[in-house]
């Protein structure tokens, strides 16, 4: 499994991805799922992938090198597409071409599915965040729902649902994303450390932060402990349910 | 969808079930999923069902009335089985017979699956909590993992993972179960109010509490608000991530 989340707020974009891959529970490994594509001062894009690792790696390579689309001919690369919208379209094309390269029909595709988060900004254009489905179509984060998740998304969704808005600061978005990742890692062995994090500030046209959090990271360990402690304190502070007395039986 | 949770602690058992059923998003209804089977002073059992509603209703009726098992002949009813283990086996038989009555082969069964939580105590025996799978086999809650969930379990699992132990008080178990239910209802429209709750104290051999929480319930509304507020305060109290300075790009 995998868990990746992108959060797009007024000040910028946060992307977080775990690094655990597994083929069964007895065959786990660490692979980077968060990739950057930068042209200094001109574009800064980040891509996170979930799903089949082989297909994901093909997609990332196709994005870097460009490829021959069977219907439209040679494509741009992720370094040359003129807009984020076109970049999302390119990711969708790359997913379809990767499926084709692997010799699979559409019916076979489920276990080889790959889903992609694409975020970033090209100079003169808006900072945007997209999710590209394994069918190649894509959707965009909005001010109503400023975050997108791929992979094992359920455990970490409640904290985002409750707390993330467009007005959330970048630091808070990163913090909430890390809490969401922590909840996921506690409940799903398929999601694990290290975690890659990235921050792209609006209009900076650069990956302003790229960092790997591992098991010895003092901030993340402290965050996990504080969050656990705060949750314990939070439920302890809620009064006891009043239903026990009087006893009602139905 | 459905969400039901059973929590077995030293002092007793808590069972919580939502009541929303749906056939698509445009056809929702309210049905009770938490059922009691009591013989005063002799047994107190609770059953929660998730999955296909028609099959669930057949299973509950078979448990009450007994049935003819194709291989073993006439069965006990849930009012006459001599132990909780035998009751769990009876639930498994009932699920298989229900599948058979519905004229389905094993291959067809997936969309008609039903999963059951069975908890309770028979006089002179232990209070126990089981989960019965749609194949008819079953497993039991333990001191290591004193809770079992059926239906849409992921959103509400992190709080249970963090906080529920065998030493948790009954009131706390109920409170944590309600927080778990709240997290699930916020993220999945298929799980909704009203919620049925039950408490069976160890060795009381009675359903000590049976209560329905609806939208106007002041305690549950207060719990939801307090929990949201506490989560907000909790993440605000965590220091900002230190990664932003110095900027590291990789």
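Just so you know, all these numbers are worked out from the coordinates, no wet-lab data involved. A quick note: this is a predicted structure, and the numbers were derived from the prediction, not measured. Cβ coordinates were reconstructed from backbone atoms using ideal geometry, including for glycine residues, and neighbour counts include every protein chain displayed.
Structure data summary
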{"quantity": "R0 of 25 Å, Cβ-Cβ distance residue A:112-residue B:142: FRET efficiency to nearest 0.05", "calculated": "0.10"}
{"quantity": "Label-point separation in nm, residue A:22 to residue A:219, each point 7 Å along Cα→Cβ", "calculated": "2.8 nm"}
{"quantity": "Crossing angle, helix A:218-237 versus chain A [Cα axis fit, 0-90 degrees, rounded to tens]", "calculated": "40 degrees"}
{"quantity": "Angle in degrees between helix B:170-187 and the longest Cα principal axis of chain B, rounded to the nearest 10", "calculated": "70 degrees"}
{"quantity": "For A:171-182, mean number of other protein chain Cβ atoms within 10 Å", "calculated": "3"}
{"quantity": "Other protein chain Cβ atoms within 10 Å, averaged over every residue that makes up A:226-239", "calculated": "6"}
{"quantity": "From the C-alpha gyration tensor of segment A:130-184, square roots of 5λ in Å", "calculated": "20, 15, 9"}
{"quantity": "Two-site label geometry, residue A:29 and residue B:228: point separation in nm, points 7 Å out along Cα→Cβ", "calculated": "4.5 nm"}
{"quantity": "Length released on extending from residue B:72 to residue B:86, taking residue separation times 0.36 nm less the Cα-Cα span", "calculated": "3.7 nm"}
{"quantity": "Taking the convex hull of Cα positions in segment B:3-227, its mean projected area over all directions (nm²)", "calculated": "12.2 nm²"}
{"quantity": "Mean separation of Cα contacts under 8 Å, 6 or more apart, over the residue count of chain A: relative contact order %", "calculated": "26 percent"}
{"quantity": "Taking the convex hull of Cα positions in segment A:8-57, its mean projected area over all directions (nm²)", "calculated": "4.7 nm²"}
{"quantity": "Listed residues B:158, B:146, B:194, most fluctuating in chain B (Gaussian network, C-alpha, under 10 Å)", "calculated": "B:158"}
{"quantity": "Over the protein assembly as shown: Rg over Rh, Cα atoms, Kirkwood Rh", "calculated": "1.03"}
{"quantity": "Relative contact order (%) - criterion: Cα under 8 Å, at least six apart; region: segment B:1-105", "calculated": "17 percent"}
{"quantity": "Cα Rg over Rh - segment B:1-111, Kirkwood", "calculated": "0.98"}
{"quantity": "Average beta-carbon neighbours from other chains, 10 Å sphere, peptide B:158-165", "calculated": "5"}
{"quantity": "Amide N proximity, segment B:218-238 versus residue A:169 label position 7 Å along Cα-to-Cβ, cut-off under 18 Å", "calculated": "B:232-238"}
{"quantity": "Label 7 Å beyond Cα on the Cβ vector: residue A:32 copy-to-copy distances, nm", "calculated": "5.9"}
{"quantity": "Cβ crowding within 10 Å averaged over residues, with B:33-45, A:10-22, B:214-226 ranked highest first", "calculated": "A:10-22, B:33-45, B:214-226"}
